[in-house]
Each structure stands twice: as C-alpha cells, then as structure tokens.
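Every read-out reported here was derived from the displayed coordinates using simple, explicitly stated rules and does not represent laboratory data. Remember, it's a predicted structure, so these values are computed and weren't measured experimentally. In this analysis, Cβ positions are derived from the backbone assuming ideal geometry, glycine residues included, and neighbour counts consider all displayed protein chains.
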Amino acid sequence: MLVNKLNVIFVFLALATSGAAAPIDVGSRRELFLDRCLIETLTNTTLKLHEPEYAGVVLRRELPWEGLHTFGYMTVLKDGGRYRMYYRAHPGGDYADGDLQEATCYAESTDGIHWVKPKLNIYEIQGTKKNNVVLAGMPPYSHNFAPFLDARPGVPAAERYKALAGLSHGSGGIGLVAFVSPDGIHWKKLREEPVLGWKKLRKELVLGAGTWAFDSQNVAFWSESEKCYVCYFRVFTPKTRRTIARSTSKDFVHWSAPVLMKYGDKGTTPPEQFYTNQTQPYFRASHIYIATPARFMEGRRSLGDAQVKELGIDKDVKWLKNDCSDTVLLSTRGGDRYEWTFREAFVRPGLGPRNWVSRSNYAACGIVPTGPTEMSLYVCRHNAQESVHVARYTLRTDGFASVSASADGGEMLTKPLLFAGDQLEINYSTSAAGSIRVEIQDAEGQPIPGFALEDCPEIIGDQIERTVSWKQGPDLSALAGKPVRLRFVLQDADLYAFQFVAK
C-alpha cells in the first residue's frame, strides 16, 4: 500500500514539472457517463440519454385528507429492506401554500413497487388518528417537508433521519427549519430557529426584498465525497427567475454562504426555470449527484379551451391551464456547477391532456434500486385533478446515459486515469452482431503490451457487471497507481459505466 501511494506522489510530481495535466484518480469508484469529466475524445460515438420506461401507477389519492393537490414534493428513500415515501396532502377547497390543512403523509413498501399507507396513530386528522400522517398542524412545514437518511458516520441514533422544511418570501417568513427523527416516522424540530434564514440568505445572494426563496422542495444529504452536509434549494432571482442555490454545513445547523448554481461548461443560466431540483448522491456512485428537476415552462400553454373545460381545472385554480412542465436530468460532482449534458426531457408529459396541466410531471427526490438490474423513480401525474397519482418509471441499473455506437462502430478514449484494484468491470449492452473491446494505454496514448486492442477478445451480451479480460487474463494489479488511458471500441453497443475493483 505504501509503495502504491509513493508511486502516485511521484507521478503527480513528474507531471507537475512537465506541465502536463495531472491524471484523474478514480480509485475504485464506479464512473458513469453523465458528463465528459473522464472523456478525452469521442470518435463516431455519442453520449446517449436513456429515457425511463413507464411501469404503472403505484399510489392514488383515496383518503379523505388527500385532495387534488396531493403527492406534491415527494421523497422516496430506501432504508435496508424498506422503502419510504413522503408526500404532501391537502383535503381540498381553498388552497394556499403552507396553510393549516396541509399534512405530510407517508407510504411504505418492501419492494418499491407495491405500496401501503399505514395507520400510524400520531396526529388526529378529520376526527381520526388512524391515518398515515407524520407531520400536521405545523404550517408551513408540511408544504415542502423533505427528509433524508443521514449517512454521516457516527450520527446519533435519534437523528438518523433528518429533514428541512419551510417557506420564505419578501421580508416575511422564516426560512428552512431542521427536523430529526430516529425512525423516519416520529419527527421533532432540531431547534426552533431556522438553520437557513431568509434575511441572511437575501443579503448573501443579494436578492430583492420581494423575492421568493425556499418555496419549493429544498433537499439535503450527507456527502461522503465532500465530507459535509449539502443543501440544494430554490431561489427566485430577478434575472434568473426560478433557479437553484447551494449551501454546505459540517453540523446541519451552521451553513455556508449560499452560491447560485451554474449550468454546463460555460456556467450560463438556462432560459428554462427549474421548479424543483431533486439532487441526491447516486446510490452506486456517491460522488456523483443525480438531479431530476422539474423544468417549468411558465406561460407555455398546451391545453385548448375545450380541453380545459373537459378537465374541469378552470373550476379550481385558474393558472393550472397556463403552464406545462417535464422532468430533466442534471448531474454534479459537487461545487457550484451542474452538468447539463442532455437538454432533452428525461420524462416527457406524454399522451393525453391530463399531464399537460401546470405542476404535473414533478419527480420525487430519490432514485432507488428495485431489483439487481433495475432502479426506479417516481413521478406525480395528473396534478390537481381527481385522477392525480404517482407513477413509477424504471431504468437499468446505472442506465441514465451511455457511450453509444451504431453498427458502423466507433470509440471513446479516456483522459489519463489512476486507479486502485486489480480488475476492470463494465456495465454494457450489445446487439447480437455488436461488440465491445477495451485497450489500456499509457498516459501518452501508447498501447501497453498485453493490453492492446488485439489482446482483448470481443465482449458481447448484456450485463450489469462484466469483468474485462485480455489474452493473459483480467489481472491489472501491475498497472494500479500508474497513469493509464482506457480506449473502448464499440459496435452497435452501449457502455453505461466502468469500475476498477479488487478481487
């Protein structure tokens, strides 16, 4: 181990004196192709976005306290063998953000597919405690209550679950208040004062007095890669309108001065507005944060007058007919920039007029594994209608995006990398006629003897974790800690992820 560390130090010193870019240390992390962080060149290949597949309705409004505005600002967590879903409910009638009628409801599942709403006996709602409410009577916190499972090492058992909630706008409001729970069911405030206050936020971000903030789902988590808590929250600036800011904390109480997030290589602000952000570490690669924000197209109306009348939405909230939205895919490795590699929709509104109503198609915060080769995300459909429900969508594991080649073939070359481990695994798919081969090069781009392209037998098939082998076998231990490049040659194939592992 000491020898490997010394080798890495010597490599960095040599590169520093030569003026060459230092290799990227990927260690034994799994790497996905949501950005170009590790890619040097793409030749006749593209980065391809994979759209989630519809897998059916998993939850419907059916209880007296669940009205047309139910399933707002959802969170889905996997805790061991149990899945937990949190969502906002409102019985109907006059509706205002953060009013006394709002409640935070809870559903659970053993497989992420079949869900139940347990009778928790905590709060009395409409004359009964036999309900699934975990927070009520504390406006405005049920409006955007956003829990997470705290992965910080040594976190006290009583604070294993944490949450942020609260609203603020103009010179009123309070900001985000912290909650804690030992079981994800029974919650209490960590303290009365907000941990991210409105007045301080307005001053630090130079926001106008009438500017909204926090009036959406504001999400947090413990970042293993950054060694701190991270919060992504909504602000509404005069120039950018609805956008996202970020703050960090070591103790979940004292937070850094927030910064506005930038987008893409140029760091520009997109013309679209992001209503939510839904940013969380990917469960198989915690250094990569996946974001599935709702892209809000204000004033972009799809519904005709006849459709509005048929849906009956003009009888409820007038502005429901005036906007539309979908879900997009962003990623970040920390810091103040999102990678927006794919500008296309991740989840489209789809057929029929009911999903073209304002505030429909908002994804839950949290993408969870629901099988050895499958992961799921959850989306609120038919907002503010009698048929409002939660739909499940699936992707193959790691399958957000891929390096993709047609039948004509192509290749991808990585930047110089340092790795730990002794074997290379890939998540890939080919056609019956397609293939993938892997060449390992030195930092200068020369094939390393024994690991040239002609030494790698064709890889065909479709596997989540396939060990790459060359004529001499899969052992890469002699190359660990040395700068290398990976050259992937593909034909009618997709490469979703790779990882160096120790076996």
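A few notes on this one:
- Think of each Lys and Arg Cβ as +1 and each Asp and Glu Cβ as -1; about the Cα centre, that makes the dipole of region 214-344 roughly 260 debye.
- Per-residue HN-Hα couplings for region 130-136 [Karplus 6.51, -1.76, 1.60; θ = phi - 60°; Hz; x = Gly/Pro]: 7, 9, 10, 8, 10, 7, 7
- Think of the chain as a dipole: +1 on every Lys or Arg Cβ, -1 on every Asp or Glu Cβ, centred on the Cα centre; then among Met412, His90, Ile426, His90 lies furthest on the positive end.
- Counting 0.36 nm for each residue step from Asn44 to Asn322 and taking away their Cα separation leaves a gain of 95.9 nm.
- Amide hydrogen neighbours beyond the local backbone of Gly112, cut-off 5 Å, H modeled: Tyr83
- Summed residue charge, Cβ within 13 Å of Asp251's Cβ, Lys/Arg positive, Asp/Glu negative: +3
- In summary, the lysines within cross-link reach of Lys415, defined as a Cα separation below 18 angstrom excluding same-chain residues under 8 places away, comprise Lys482.
- Taking 17 Å as the straight-line reach from the Cα of Lys503, none of the lysines fall in range once those fewer than 8 positions away in the same chain are excluded.
- Dipole of the chain [Lys/Arg +1, Asp/Glu -1 at C-beta], most positive-end residue of Pro293, Ala163, Pro271: Ala163
- Rounded to the nearest Hz, the phi-derived 3J(HN,Hα) couplings of region 42-55 under the Karplus curve 6.51 cos²θ - 1.76 cosθ + 1.60 (θ = phi - 60°) are 10, 10, 6, 10, 9, 7, 10, 7, 10, 7, x, 9, 5, 10, where x marks glycine and proline.
- Residues Trp212, Trp319, ranked from the fewest to the most other C-beta atoms within 10 Å, line up as Trp319, Trp212.
- For region 53-396: relative contact order, % (alpha-carbon pairs under 8 angstrom, 6 or more apart): 15
- Alpha carbon convex hull of region 254-311, projected area averaged over orientations, nm²: 7.7
- Separation of alpha-carbon centers, region 18-49 and region 59-134, rounded to whole Å: 42
- Placed amide H near Asn131: partners under 5 Å, 5+ positions off or other chain: Leu120, Asn121, Ile122
- The phi torsions of region 392-402, fed into the Karplus equation with coefficients 6.51, -1.76 and 1.60 and a -60° offset, translate into couplings of 9, 10, 10, 9, 5, 3, 6, x, 5, 8, 8 Hz, rounded to whole numbers, with Gly and Pro shown as x.
- Pairwise Cα inverse-distance average, inverted: Kirkwood Rh of region 53-396 (Å): 20.1
- With neighbours defined as other Cβ atoms within 10 Å of a residue's Cβ, the residues Thr46, Thr248 order from fewest to most as Thr46, Thr248.
- Cβ crowding within 10 Å, taken as a proxy for footprinting-reagent exposure, orders Leu68, Leu100 from fewest neighbours to most as Leu100, Leu68.
- About its Cα centre, the dipole of the chain is roughly 1480 debye, where the only charges are +1 on Lys and Arg Cβ and -1 on Asp and Glu Cβ.
- Across the options Gly473, Ala257, Ser376, the greatest Cα extent toward the positive end of the charge dipole of the chain (unit charges at beta carbon of Lys, Arg, Asp, Glu) belongs to Ala257.
- Separation of alpha-carbon centers, region 473-503 and region 206-281, rounded to whole Å: 35
- Local net charge near Phe33, Cβ-Cβ under 12 Å (Lys/Arg +1, Asp/Glu -1): -2
- Label positions at Ser387 and Glu298, each projected 7 Å from the Cα along the C-beta direction, are separated by 2.9 nm.
- Long-range amide H partners of Val195 with built H, under 5 Å: Leu176, Val177, Ala178
- Degrees, to the nearest 10: 2-18 long Cα axis against longest axis of the chain: 90
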